[in-house]
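The values are calculated or read from the model by the stated rules, or taken from the named source; none is laboratory data. The shown structure was predicted, so the numbers you read here are calculated from the model rather than taken from an experiment. Every residue, glycine among them, receives a Cβ derived from its backbone with ideal geometry; neighbour counts consider all protein chains shown. Remember, those area values only see protein heavy atoms, side chains included, never the ligands or the DNA or RNA. Shrake-Rupley method; radii C 1.70, N 1.55, O 1.52, S 1.80 Å.
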Amino acid sequence: MQQNSSSEPIVSLRNVQKSFGPLRVLDGVSFAVERGEVLALIGRSGSGKSTALRCIDRFEKVDGGEIVVCGHRVDRPDVDLRALRQDVGIVFQSYNLFPHLTIEQNITLAPCAVKGMATAQARDLARKVLAQVGLEEKLHAYPEQLSGGQQQRAAIARSLAMQPKVMLFDEVTSALDPELTAEVLKVIEQLAADGMTMVMVTHEMGFAKGIADRIVFMHRGKVHETGPASILTSPTTPELTQFVGTGNLKS
Amino acid sequence: MSLQLDFPAVLERWPSFLAGAVLTLELAAFATVLGALLGTLAAVGRGTHNALIAGACKAYVETIRNTPLLVQIFLVYFGLASLGLKFSAFAVAVAALTINVGAYTAEIMRAGFEAIPRGQIEAAEGLALSRLQIYWHIILLPAVEKVYPALTSQFVLLMLASSVCSQISAEELTAVANYIQSDTYRAFETYIIVAVLYVILSLVMRAGFWGLGLVLFPRRRRLGTPL
Ligand SMILES: Nc1ncnc2c1ncn2[C@@H]1O[C@H](COP(=O)(O)OP(=O)(O)OP(=O)(O)O)[C@@H](O)[C@H]1O
Ligand SMILES: [Mg+2]
């Protein structure tokens, strides 16, 4: 069921519905991400950004609508989860490195266990992806020996080692102070420059403006306004105007 | 009234004491390994979505935790006998102790599993690891690490509790003591020696678990964090 003709979007959501009990969190969300595109999901706290992102990797099951990711029909109950998750990399706000494993082991685990990669080859790969995030010297360190920013970069490297077709980032810098934020954002910028397809939930408006090909502004479970990064400087809806006006837009 | 202790009369039976102590340690070793396996499986079972498996595991754990060990031993002993199955007292003792410590291990491991942050499992799922791989690579060792002191104390307690296996004439330390004191009429001396031997066995086990911890948790060794 893999369809990778270049015209197909890598990720597409159509009229996605999701409720938690009586709370309607996604109320007909639609957007698509083309190959090589960087999409930034922005919006106020509770507007459904994380939920939308998690639906893409099926950490949440949708109630209605259609989600297609790299040819996988994610909304269907029979979706091959492990195949989907080999195509999608996800990085969380809280890093979630495995504390009992070294950085190298964190990175080589999935390629070895899931793809059956040989250990020696996986180790080379670990060096390569760590170099990509500027952490070669931390190969044999344990997560708790790293700063927050380094842990987050290691988590990105761990995801990259699975060679995903699209990366999802959920507020990956929210737990970091400005200096550490900058080092993580630099890594993401480089990924974008290398052509990685990405969907990122972010509160860093300046960053979104600089890196995103498209902005999706969510409000009350709906895509309230969408367009190129320029909508951040000239929003059309009062809600986005207010959102970017309340000090969110800083460079 | 004067207390007269005659240790030499009892100590000359040291080969019997030694044999009893070794057998106690063997009982504890077998039951610890098998009980750890059984208990871990039962803890996983209690966490599954299959209501039948989860219910069966819960019933097992609650039954064992609410009945005396001696009664459990008799149930296994006479149960097997009434089925016409003949096993050595040692085998019966290992089986009963395994079933017993498995239930306590299950409770402890369940607490360990619950202490693993949800984010760890999501990160592993996001990397396309299977359910089994997640248990094996991500959950098991950190869970054991979190409950290691409770777990190892339980196994030491098991070794001490194995003294009731003297009731089905497994030749462990307490059983040995029972007939030495009836031979020598030196009960107090005998049980003082046995008590000292149990203390030594406990220390041996604790030392063993400490060493095992160094092997199982290399991060603690590297970073020097105590358990
Ligand atoms: N598992 C859940 N169970 C119940 N309610 C949930 C769950 N996850 C999210 N919600 C609710 O859904 C709404 C949207 O949550 P979501 O995390 O998607 O928001 P968000 O836009 O990412 O917000 P933030 O910027 O604070 O991260 C919130 O009201 C939240 O409380
Ligand atoms: Mg969120």
Does A:Ser174 count as surrounded by fewer than 22 Cβ atoms within 10 Å (Cβ to Cβ) and hydroxyl-bearing (Ser, Thr, Tyr)? yes
Of all helices (runs of 4 or more DSSP H) fully inside the stretch B:168-227, the set with 2 or more residues that are farther than 25 Å from B:Glu12 by Cβ is B:187-216, B:218-223
In this structure, is A:Asp63 within 16 Å of ligand 1 (Cβ to nearest atom), in contact with a Lys or Arg (Cβ under 8 Å, 6 or more places away or on another chain) and open to solvent by 40 Å² or more (accessible area, probe 1.4 Å)? yes
Pick out, from the stretch B:1-99, the helices (runs of 4 or more DSSP H) lying fully within it that include 3 or more residues that are under 20 Å from the mean Cα position of the chain (by Cα). B:14-46, B:51-65, B:69-82
Could we say that A:Ser19 is touching a strand residue (DSSP E or B) at 6+ places or on another chain (Cβ under 7 Å), within 16 Å of ligand 1 (Cβ to nearest atom), farther than 21 Å from A:Ile231 by Cβ and assigned to a strand (DSSP E or B) here? yes
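This table checks each residue for (1) within 16 Å of ligand 1 (Cβ to nearest atom); (2) in contact with a strand residue (DSSP E or B) (Cβ under 8 Å, 6 or more places away or on another chain); (3) of a type in the set (Lys, Arg).
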residue: A:Gly116; (1), (2), (3): no, no, no
residue: A:Lys128; (1), (2), (3): no, no, yes
residue: A:Arg153; (1), (2), (3): no, no, yes
residue: A:Leu191; (1), (2), (3): no, yes, no
residue: A:Val201; (1), (2), (3): yes, yes, no
Say we look at the stretch A:31-47 and pick out the residues that are outside any strand (DSSP E or B) and more than 14 Å from A:Phe243 (Cβ to Cβ); which of these is nearest to ligand 1 (Cβ to nearest atom)? A:Glu37
Log entry, pairs with first residue in the stretch A:16-27 being within 14 Å of another protein chain (Cβ to nearest Cβ), second being away from ligand 2 (no atom under 16 Å from the Cβ), beta carbons closer than 8 Å, six or more apart or on different chains, reads none
Of all residues in the stretch A:66-94, how many are at the interface with chain B (Cβ under 8 Å from one of its Cβ atoms) and either within 16 Å of ligand 1 (Cβ to nearest atom) or part of a loop (DSSP other than H, G, I, E, B) (or both)? 3
Can A:Arg158 be described as crowded, with 23+ Cβ neighbours inside 10 Å, touching a helix residue (DSSP H, G or I) at 6+ places or on another chain (Cβ under 6 Å), more than 13 Å from chain B (Cβ to nearest Cβ) and modelled with pLDDT of 95 or more? no
Take the residues in the stretch A:38-65 that are away from chain B (no Cβ under 14 Å) and under 17 Å from A:Val166 (Cβ atoms), then tell me which one is nearest to ligand 2 (Cβ to nearest atom). A:Lys49
Those helices (runs of 4 or more DSSP H) lying entirely in the stretch A:113-208 with at least 3 residues closer than 30 Å to A:Ser45 by Cβ and in contact (Cβ under 8 Å) with a residue 60 or more places away in the chain: A:148-160
